[in-house]
(Lines give C-alpha, C1' and ligand atoms only; values in the text may rest on other atoms or scores of the structure.)
Protein backbone atom coordinates (compact mmCIF):
# COMPACT_ATOMS: atom_id res chain seq x y z
CA UNK A 1 0.00 0.00 0.00
CA UNK A 2 1.48 3.34 -1.06
CA UNK A 3 0.31 6.92 -1.23
CA UNK A 4 -0.09 8.13 -4.83
CA UNK A 5 0.19 11.68 -6.11
CA UNK A 6 -3.12 11.08 -7.85
CA UNK A 7 -4.00 14.63 -8.95
CA UNK A 8 -0.74 16.50 -9.66
CA UNK A 9 -2.31 19.83 -10.63
CA UNK A 10 -4.71 19.95 -7.70
CA UNK A 11 -2.18 18.72 -5.15
CA UNK A 12 0.57 21.04 -6.37
CA UNK A 13 -1.82 24.01 -6.32
CA UNK A 14 -3.04 23.17 -2.80
CA UNK A 15 0.47 22.62 -1.42
CA UNK A 16 1.65 25.88 -2.97
CA UNK A 17 -1.24 27.78 -1.34
CA UNK A 18 -0.34 26.24 2.02
CA UNK A 19 3.39 26.97 1.60
CA UNK A 20 2.75 30.62 0.73
CA UNK A 21 0.42 31.10 3.69
CA UNK A 22 2.84 29.32 6.04
CA UNK A 23 5.65 31.62 4.89
CA UNK A 24 3.40 34.66 5.35
CA UNK A 25 2.36 33.52 8.82
CA UNK A 26 6.00 33.34 9.89
CA UNK A 27 7.55 36.28 8.04
CA UNK A 28 4.58 38.59 7.47
CA UNK A 29 1.86 39.02 4.88
CA UNK A 30 3.71 41.63 2.84
CA UNK A 31 4.81 38.91 0.40
CA UNK A 32 1.18 37.85 -0.11
CA UNK A 33 0.02 41.38 -0.82
CA UNK A 34 3.05 42.01 -3.05
CA UNK A 35 3.14 38.86 -5.17
CA UNK A 36 -0.11 36.95 -4.60
CA UNK A 37 -2.87 39.53 -4.99
CA UNK A 38 -4.08 42.02 -7.57
CA UNK A 39 -4.87 45.62 -6.65
CA UNK A 40 -8.02 47.51 -7.43
CA UNK A 41 -8.38 50.20 -10.07
CA UNK A 42 -7.32 52.94 -7.62
CA UNK A 43 -3.72 51.72 -7.65
CA UNK A 44 -1.23 51.75 -10.52
CA UNK A 45 -0.85 48.33 -12.07
CA UNK A 46 1.71 47.05 -14.52
CA UNK A 47 0.58 44.46 -17.03
CA UNK A 48 4.16 43.38 -17.62
CA UNK A 49 6.65 41.46 -15.50
CA UNK A 50 5.43 40.73 -11.99
CA UNK A 51 2.21 42.64 -12.63
CA UNK A 52 1.07 40.22 -15.32
CA UNK A 53 2.08 37.23 -13.21
CA UNK A 54 -0.11 38.49 -10.38
CA UNK A 55 -3.12 38.07 -12.65
CA UNK A 56 -2.47 34.34 -12.20
CA UNK A 57 -0.79 34.11 -8.80
CA UNK A 58 -3.53 35.97 -6.91
CA UNK A 59 -5.50 32.71 -6.64
CA UNK A 60 -2.65 31.25 -4.55
CA UNK A 61 -2.64 33.97 -1.88
CA UNK A 62 -4.91 33.86 1.17
CA UNK A 63 -5.27 36.16 4.16
CA UNK A 64 -5.59 33.42 6.76
CA UNK A 65 -5.96 29.71 7.43
CA UNK A 66 -9.76 29.87 7.65
CA UNK A 67 -9.88 31.59 4.28
CA UNK A 68 -7.56 29.05 2.68
CA UNK A 69 -9.10 25.94 4.25
CA UNK A 70 -12.58 26.98 3.15
CA UNK A 71 -11.35 27.14 -0.45
CA UNK A 72 -9.06 24.09 -0.41
CA UNK A 73 -11.79 21.89 1.05
CA UNK A 74 -13.71 22.30 -2.21
CA UNK A 75 -10.59 22.24 -4.38
CA UNK A 76 -9.43 18.92 -2.92
CA UNK A 77 -12.95 17.46 -2.98
CA UNK A 78 -13.94 18.39 -6.53
CA UNK A 79 -10.59 18.99 -8.24
CA UNK A 80 -9.32 15.38 -8.47
CA UNK A 81 -12.58 14.30 -10.13
CA UNK A 82 -12.25 17.05 -12.71
CA UNK A 83 -8.55 16.35 -13.27
CA UNK A 84 -9.29 12.69 -13.91
CA UNK A 85 -12.15 13.55 -16.28
CA UNK A 86 -10.57 16.40 -18.26
CA UNK A 87 -6.85 15.73 -17.83
CA UNK A 88 -4.17 17.64 -15.94
CA UNK A 89 -3.13 20.06 -18.68
CA UNK A 90 -6.68 21.09 -19.75
CA UNK A 91 -7.68 21.62 -16.11
CA UNK A 92 -4.56 23.71 -15.47
CA UNK A 93 -5.39 25.85 -18.52
CA UNK A 94 -8.94 26.35 -17.26
CA UNK A 95 -7.62 27.39 -13.84
CA UNK A 96 -5.19 29.88 -15.39
CA UNK A 97 -7.86 31.37 -17.67
CA UNK A 98 -10.23 31.75 -14.73
CA UNK A 99 -7.52 33.44 -12.66
CA UNK A 100 -6.68 35.85 -15.48
CA UNK A 101 -10.35 36.66 -16.09
CA UNK A 102 -11.14 37.41 -12.44
CA UNK A 103 -7.88 39.26 -11.87
CA UNK A 104 -8.09 41.44 -14.97
CA UNK A 105 -11.73 42.42 -14.48
CA UNK A 106 -11.10 43.20 -10.81
CA UNK A 107 -8.21 45.52 -11.72
CA UNK A 108 -10.31 47.28 -14.34
CA UNK A 109 -13.62 47.56 -12.51
CA UNK A 110 -13.21 47.51 -8.72
CA UNK A 111 -11.35 49.71 -6.22
CA UNK A 112 -10.49 46.86 -3.83
CA UNK A 113 -7.79 44.21 -4.19
CA UNK A 114 -8.43 40.55 -4.84
CA UNK A 115 -6.78 37.33 -3.69
CA UNK A 116 -7.79 33.76 -2.95
CA UNK A 117 -8.99 30.67 -4.81
CA UNK A 118 -12.74 31.29 -4.53
CA UNK A 119 -13.04 32.01 -8.25
CA UNK A 120 -11.39 28.65 -8.97
CA UNK A 121 -13.73 26.95 -6.49
CA UNK A 122 -16.86 28.29 -8.19
CA UNK A 123 -15.44 27.40 -11.60
CA UNK A 124 -15.02 23.84 -10.31
CA UNK A 125 -18.56 23.76 -8.89
CA UNK A 126 -20.16 24.78 -12.19
CA UNK A 127 -17.81 22.63 -14.27
CA UNK A 128 -18.47 19.45 -12.30
CA UNK A 129 -22.21 19.94 -12.65
CA UNK A 130 -21.73 19.12 -16.36
CA UNK A 131 -20.39 15.66 -15.54
CA UNK A 132 -23.74 13.89 -15.86
CA UNK A 133 -25.08 15.84 -18.85
CA UNK A 134 -26.17 13.46 -21.59
CA UNK A 135 -27.11 14.15 -25.19
CA UNK A 136 -30.26 16.22 -25.35
CA UNK A 137 -30.69 16.32 -21.56
CA UNK A 138 -30.01 18.96 -18.92
CA UNK A 139 -29.91 17.42 -15.44
CA UNK A 140 -32.13 18.98 -12.81
CA UNK A 141 -29.13 18.92 -10.47
CA UNK A 142 -27.28 21.28 -12.83
CA UNK A 143 -30.21 23.71 -12.92
CA UNK A 144 -30.46 23.61 -9.12
CA UNK A 145 -26.72 24.28 -8.75
CA UNK A 146 -26.99 27.31 -11.04
CA UNK A 147 -30.12 28.57 -9.26
CA UNK A 148 -28.63 28.20 -5.78
CA UNK A 149 -25.38 29.76 -6.97
CA UNK A 150 -27.15 32.82 -8.40
CA UNK A 151 -29.43 33.25 -5.38
CA UNK A 152 -26.55 32.96 -2.90
CA UNK A 153 -24.32 35.42 -4.74
CA UNK A 154 -27.17 37.90 -5.28
CA UNK A 155 -27.97 37.85 -1.56
CA UNK A 156 -24.30 38.19 -0.65
CA UNK A 157 -23.91 41.27 -2.84
CA UNK A 158 -26.45 43.03 -0.62
CA UNK A 159 -24.39 42.32 2.49
CA UNK A 160 -21.37 44.30 3.61
CA UNK A 161 -18.45 41.87 3.81
CA UNK A 162 -14.89 41.39 2.57
CA UNK A 163 -15.83 38.63 0.13
CA UNK A 164 -15.62 39.24 -3.62
CA UNK A 165 -18.90 37.90 -4.96
CA UNK A 166 -17.75 39.22 -8.32
CA UNK A 167 -14.91 36.66 -8.39
CA UNK A 168 -17.40 33.92 -7.50
CA UNK A 169 -19.70 34.91 -10.35
CA UNK A 170 -16.92 35.21 -12.93
CA UNK A 171 -15.47 31.89 -11.78
CA UNK A 172 -18.89 30.28 -12.10
CA UNK A 173 -19.38 31.72 -15.57
CA UNK A 174 -15.96 30.39 -16.59
CA UNK A 175 -16.93 26.94 -15.32
CA UNK A 176 -20.19 27.04 -17.29
CA UNK A 177 -18.37 28.10 -20.48
CA UNK A 178 -15.68 25.44 -20.05
CA UNK A 179 -18.37 22.83 -19.40
CA UNK A 180 -20.22 23.66 -22.60
CA UNK A 181 -16.98 23.77 -24.62
CA UNK A 182 -15.85 20.42 -23.23
CA UNK A 183 -19.24 18.92 -24.00
CA UNK A 184 -19.19 20.19 -27.58
CA UNK A 185 -15.67 18.91 -28.24
CA UNK A 186 -13.09 20.38 -30.63
CA UNK A 187 -15.16 19.70 -33.76
CA UNK A 188 -18.34 21.35 -32.49
CA UNK A 189 -20.25 18.12 -31.90
CA UNK A 190 -21.04 16.37 -28.67
CA UNK A 191 -18.03 14.79 -27.01
CA UNK A 192 -18.36 11.05 -27.60
CA UNK A 193 -18.58 8.75 -24.65
CA UNK A 194 -16.41 5.68 -24.12
CA UNK A 195 -16.65 2.91 -26.67
CA UNK A 196 -18.96 0.12 -25.58
CA UNK A 197 -17.25 -3.10 -24.64
CA UNK A 198 -18.63 -6.08 -26.51
CA UNK A 199 -19.39 -9.38 -24.87
CA UNK A 200 -16.83 -12.13 -25.14
CA UNK A 201 -18.33 -14.91 -27.25
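The values are calculated or read from the model by the stated rules, or taken from the named source; none is laboratory data. Because the structure is predicted, anything quoted here is derived from the model rather than measured. Positions of Cβ are backbone-derived with ideal geometry, glycine not excepted, and every protein chain shown enters the neighbour counts.
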Index of the failed condition, residue 182 passing every other in (1) part of a helix (DSSP H, G or I); (2) touching a helix residue (DSSP H, G or I) at 6+ places or on another chain (Cβ under 7 Å); (3) modelled with pLDDT of 80 or more: (3)
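When the residues of the range 119-137 are narrowed to those that are modelled with pLDDT under 75 and surrounded by 12 or more Cβ atoms within 10 Å (Cβ to Cβ), which ends up nearest to residue 68 (Cα to Cα)? Walk me through it before giving the result.
Residues of the range 119-137 that are modelled with pLDDT under 75, as a first pass: 131-137.
Still in the running and surrounded by 12 or more Cβ atoms within 10 Å (Cβ to Cβ): 131, 133.
Values: 131: 26, 133: 31 Å.
Across the range 119-137, the extreme among qualifying residues is 131.
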